[in-house]
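A.B. asks: Submitted below is the structure of interest, expressed as structure tokens.
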Amino acid sequence: MRRRNFIALLGGAAAWPLAARAQQAPVIGFLNYQSPETIGDLRRAFGLGLKDTGYIEGENVAIDYRWAENQLDRLSTLAAELVRRRVAVIVTSGGPASAFAAKAATPAIPIVFTVNEDPVKLGLVASVARPGGNLTGVNFFNAELVPKRLELLRELLPRAARVAVLINPANVTTSTSTLRDVEAASRAIGLQITIFNASTSSEIDAAFTSLARERPDALFVGGDAFFFIRRVQLVNWASRQGLCATYSSRDFAEVGGLMSYGTSLADAFRQAGIYAGQILKGAKPADLPVVQSTKLDLVINAQTARMLGLTVPASLLARADEVIE
């Protein structure tokens, strides 16, 4: 046998075990309401959580991503595709709708969700401590923080009387709870609110056209997966109109939003990765308590404040987790 043929044969033999291992790697189904380019940092955080449990994408675990591209009606079809693929676990993100689609698709495959509302009230799990069934995950609280966000807005703008509230009516669960909480909280601190709706990019443009006529004292942007996707558009509009706006996550402040208060989404996705890895190792969702994400970030963009001619109270600056200069 010629030497180079012998070496090629050895190389082929060495490659077989690697190919076999790749084929045998467990597959995670990743179901998301958004699009891949909008949550790059969160995907990396999810990968870090997997790595904490010994799994690395492309080496000993595969991930089958399914993106709804902001179309809620596609989620059920995408969830069914993952079930047919017989993935080992389904991870959902982008709001409760993704979790509901996965839950409706399978009573057997483990599901790890990330949601911004109480999963017990939503009906996803029986209890936080003992979820029961095939679902568990992370609650990152952003919907429950509506009253606190309004309080911080009032502290930033003590003379504000009229606040515009932007919600996404297509996301019925989140918008309903936001409306309920914002109405109660605004009454408690004496704010008059006006509701604006937007479920598409063009509707965001239309909402800000209306805001230009209304001239509210401030803008409260509801916590919503679609608004997270369109954060640059929202922040640009607010800046263009000189609107003082508050948002639900630091990602808005990082692209120029005035102020954000909410849970660290990166921490939530990392925990989802840890749970997915633990399930691949044999843990049952019913035995994994829902994680209550408690790391809250108050972020103030000082550069935006200066552009708006706004002096941020020293008491607020002192409490901020980050001030972006």
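A.B. asks: Distance in nm between label sites at Ser210 and Asp52, each 7 Å beyond Cα in the beta-carbon direction?
C.D. replies: The answer from the label model is 4.2 nm.
A.B. asks: Would you be so kind as to identify which of Leu50, Leu191, Ala268 lies farthest towards the positive end of the dipole of the chain, taking Lys and Arg as +1 and Asp and Glu as -1 on Cβ and the Cα centre as origin?
C.D. replies: Leu50
A.B. asks: Starting from the Cα gyration tensor of region 167-276, take the square roots of the eigenvalues, sort them a ≥ b ≥ c, and report rounded, prolate or oblate (rounded when a/c is under 1.5, otherwise prolate if a/b is larger than b/c, else oblate).
C.D. replies: prolate
A.B. asks: Could you check which residue among Asn60, Asn168, Asn301 shows the biggest mean-square fluctuation in a GNM of the chain with a 10 Å Cα cutoff?
C.D. replies: Maximum fluctuation in the GNM of the chain, among the listed residues, is at Asn60.
A.B. asks: On a 0 to 90° scale, report how tilted helix 146-156 is relative to the longest principal axis of the chain, with both axes built from alpha carbons and the result rounded to the nearest 10.
C.D. replies: Around 50 degrees separate the two axes.
A.B. asks: Next up: Around Phe113, which amide H atoms from residues at least 5 apart in sequence, or from another chain, sit under 5 Å from its own amide H, with H modelled in the peptide plane?
C.D. replies: Thr92, Thr136, Gly137, Val138
A.B. asks: List, in order, the whole-Hz ³J(HN,Hα) value for each residue of region 316-321 obtained from phi through the Karplus relation with A = 6.51, B = -1.76, C = 1.60 and θ = phi - 60°; use x for Gly and Pro.
C.D. replies: Residue by residue, region 316-321 yields 6, 4, 5, 8, 5, 6 Hz.
A.B. asks: So between Ala108 and Glu183, what do we pick up on full extension, going 0.36 nm a residue minus the alpha carbon distance?
C.D. replies: Additional length available on full extension: 23.0 nm.
A.B. asks: Here is a follow-up. Taking θ = phi - 60°, what integer Hz values does the Karplus form 6.51 cos²θ - 1.76 cosθ + 1.60 yield along region 296-307, in sequence order, with x for Gly and Pro?
C.D. replies: Computed from phi, the couplings for region 296-307 are 10, 10, 9, 10, 10, 9, 5, 5, 5, 4, 5, 4 Hz.
A.B. asks: I'd like the orientation of helix 96-105 relative to the chain: the angle between its Cα long axis and the longest Cα principal axis, in ° from 0 to 90, rounded to 10.
C.D. replies: The angle comes out near 30 degrees.
A.B. asks: Which of the three applies to region 38-144, rounded, prolate or oblate, going by the alpha-carbon gyration tensor with a ≥ b ≥ c and a/c under 1.5 meaning rounded?
C.D. replies: Rounded.
A.B. asks: For helix 265-280, report the angle its Cα long axis makes with the longest principal axis of the Cα atoms of the chain; keep it between 0 and 90° and round to the nearest 10°.
C.D. replies: Tilt of helix 265-280: around 30 degrees.
A.B. asks: Work out from phi, with θ = phi - 60° and the Karplus expression 6.51 cos²θ - 1.76 cosθ + 1.60, the ³J(HN,Hα) of each residue of region 132-140, listed in order in whole Hz, and give x for Gly and Pro.
C.D. replies: The phi angles translate into x, x, 10, 10, 7, x, 10, 9, 9 Hz.
A.B. asks: Considering only lysines 8 or more places apart in sequence, or on different chains, count the pairs in the chain whose C-alpha atoms sit under 25 Å apart.
C.D. replies: Close lysine pairs under the 25 Å cut-off: 10.
A.B. asks: So, one more: Candidates [x] 31, 57, 12, 0; [y] 31, 50, 16, 3, 0; [z] 28, 39, 29, 4; which is the computed P(r) over Cα pairs in 20 Å bins from 0, in percent?
C.D. replies: Among [x] 31, 57, 12, 0; [y] 31, 50, 16, 3, 0; [z] 28, 39, 29, 4, the one calculated here is [y].
Here, each number is a calculation from the coordinates, and none is a lab measurement. No experiment lies behind these values; they were computed from the predicted model shown. Glycine gets a Cβ as well: all are built from the backbone with ideal geometry, and neighbour counts include every protein chain shown.
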